[in-house]
Amino acid sequence: RPRVVLAGVSKSYPGADGPTQVLAPTDLSIDGGEFVCVVGPSGCGKSTLLNILAGFLAPTEGTVRVGGHAVTGPDPDRGVVFQQPNLYPWLTVRQNVEFGPTVRGVPRSRRRAEAERMLALVGLDHLGDRRPYELSGGQQQRAQIARVLVNDPQIILMDEPFGALDALTREKLQGELRALWQERGKTILFVTHGIDEALLLGTRVLVMGTRPGRIVYDEPTSFKADLP
Ligand code: ADP
Ligand code: ADP
């Protein structure tokens with residue numbers, strides 16, 4: 001399982017008074033199978049860090065490597081789940097999950113079978129024919145997770161994925177994600193506002209500080225012992 005390595009990664013945005021650094025030069029190494037939670041105040045650069053790892057944003061300085069290969073853009077091997085699920089409203093839930101394999105040219109019967117397997121995994125096998133707007137928020141986020149998992153990514157990047165859900169649904173999905181991680185041994189980077197959520201889910205917690213954004217704390221949690 002590939003290791004993620006950031007070396008001297010920083011990010012600045014241009015501004016009226018010159019560039020503002022929102023992420024100070026950061027070194028970070030994440031082993032395959034870790035469940036890393038990132039917490040910190042609003043604006044400390046959590047999303048910036050995640051978007052750099054996803055390949056959506058280029059760092060101003062430094063390099064990002066996954067399994068020794070430089071990250072130069074997005075790749076289905078790094079699945080991304082945001083707070084708002086970005087499902088296509090004109091497709092059914094099943095077609096949404098099949099979308100990635102369709103683009104990759106996976107034959108119809110195989111991608112159909114894979115989509116069904118992923119829908120069952122997230123508990124949506126009975127809702128494949130619905131459109132996304134016919135699902136509850138929790139179900140939409142499950143569909144989004146199935147859509148990412150169907151590509152069999154090594155790394156899953158999640159930016160406050162349960163932030164818009166009610167407390168009960170959030171608790172259900174936290175349990176499901178934890179079980180999924182344990183069964184499949186994926187590497188997960190999970191951004192959250194909640195230190196409770198970070199300690200509950202992660203094998204390792206990063207706390208970021210602000211002005212400029214930087215990692216100020218990086219420690220394993222008590223879950224470290226059950227690393228798959
Ligand atoms: P967090 O996810 O921790 O809330 P972000 O990574 O979203 O933090 O943002 C970090 C800082 O970068 C914030 O101060 C934000 O205003 C700034 N920022 C984010 N995107 C841009 C942009 N496109 N242009 C200028 N500043 C930005
Ligand atoms: P979750 O805990 O996954 O968010 P809910 O408890 O909100 O799910 O949903 C309860 C039930 O309501 C589910 O069986 C779901 O199928 C149904 N449901 C939710 N939203 C809709 C909708 N827009 N149309 C039809 N059924 C819905």
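The values are calculated or read from the model by the stated rules, or taken from the named source; none is laboratory data. Worth saying up front: this structure is predicted, and the values here are computed from it rather than measured. Heads up, the Cβs are rebuilt from the backbone with ideal geometry, glycines too, and the neighbour counts pull from every protein chain shown.
Table for the structure above
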{"read-out": "Boolean, Val22 is within 20 Å of the chain's Cα centre (by Cα) and of a type in the set (A, V, I, L, M)", "value": "no"}
{"read-out": "Matching residues, the range 126-152, being near ligand 2 (Cβ under 8 Å from one of its atoms) and small (Gly, Ala, Ser)", "value": "Ser136, Gly137, Gly138"}
{"read-out": "Sole exception among (1) over 21 Å from Ser29 (Cα atoms); (2) in contact (Cβ under 8 Å) with a residue 24 or more places away in the chain; (3) within 16 Å of ligand 1 (Cβ to nearest atom); (4) among the charged types (D, E, K, R) for Arg130, by number", "value": "(3)"}
{"read-out": "Lone unmet requirement of (1) away from ligand 2 (no atom under 12 Å from the Cβ); (2) among the hydrophobic types (A, V, I, L, M, F, W, C); (3) touching a residue at least 24 places away in the same chain (Cβ under 8 Å) for Ala179", "value": "(3)"}
{"read-out": "Any pair with Cβ under 8 angstrom, 6 or more apart, that starts in the range 96-115 at a residue that is touching a residue at least 40 places away in the same chain (Cβ under 8 Å) and ends at one that is part of a helix (DSSP H, G or I) and of a type in the set (A, V, I, L, M)", "value": "Asn96/Ala143; Val97/Ala115; Val97/Met118; Val97/Leu119; Val97/Ala143; Val97/Ala146; Glu98/Ala115; Pro101/Ala115"}
{"read-out": "In the range 191-217, the residues that are crowded, with 16+ Cβ neighbours inside 10 Å, of a type in the set (S, T, N, Q) and farther than 21 Å from Pro85 by Cα", "value": "Thr203"}
{"read-out": "So Val205, is it touching a residue at least 12 places away in the same chain (Cβ under 8 Å), within 13 Å of ligand 1 (Cβ to nearest atom) and in contact with an Asp or Glu (Cβ under 8 Å, 6 or more places away or on another chain)", "value": "no"}
{"read-out": "Top-ranked residue of the range 156-172 - restricted to ones that are buried (at least 23 other Cβ atoms within 10 Å of the Cβ) and in contact with a strand residue (DSSP E or B) (Cβ under 6 Å, 6 or more places away or on another chain), ranked as nearest to Gly123 (Cα to Cα)", "value": "Pro161"}
{"read-out": "Residue match in the range 6-20 (condition: over 17 Å from Ile156 (Cβ atoms), of a type in the set (D, E, K, R) and at pLDDT below 95)", "value": "yes"}
{"read-out": "Boolean, Val150 is touching a residue at least 60 places away in the same chain (Cβ under 8 Å) and either among the hydrophobic types (A, V, I, L, M, F, W, C) or within 26 Å of Thr92 (Cβ to Cβ) (or both)", "value": "no"}
{"read-out": "Enumeration of residues in the range 83-98 that are buried (at least 18 other Cβ atoms within 10 Å of the Cβ) and either at pLDDT below 95 or touching a Gly at 6+ places or on another chain (Cβ under 6 Å) (or both)", "value": "Pro85, Val93, Arg94"}
{"read-out": "Per-region count, the range 191-202, residues touching a Ser or Thr at 6+ places or on another chain (Cβ under 6 Å) and in a loop (DSSP other than H, G, I, E, B)", "value": "1"}
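For every residue, the table says whether it meets (1) assigned to a helix (DSSP H, G or I); (2) under 13 Å from the mean Cα position of the chain (by Cα); (3) of a type in the set (A, V, I, L, M, F, W, C); (4) under 19 Å from Leu87 (Cα atoms).
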position	(1), (2), (3), (4)
Pro153	no, yes, no, yes
Ile156	no, yes, yes, yes
Leu168	yes, no, yes, no
Glu171	yes, no, no, no
Glu176	yes, no, no, no
Ala179	yes, no, yes, no
Glu183	yes, no, no, no
Leu189	no, yes, yes, no
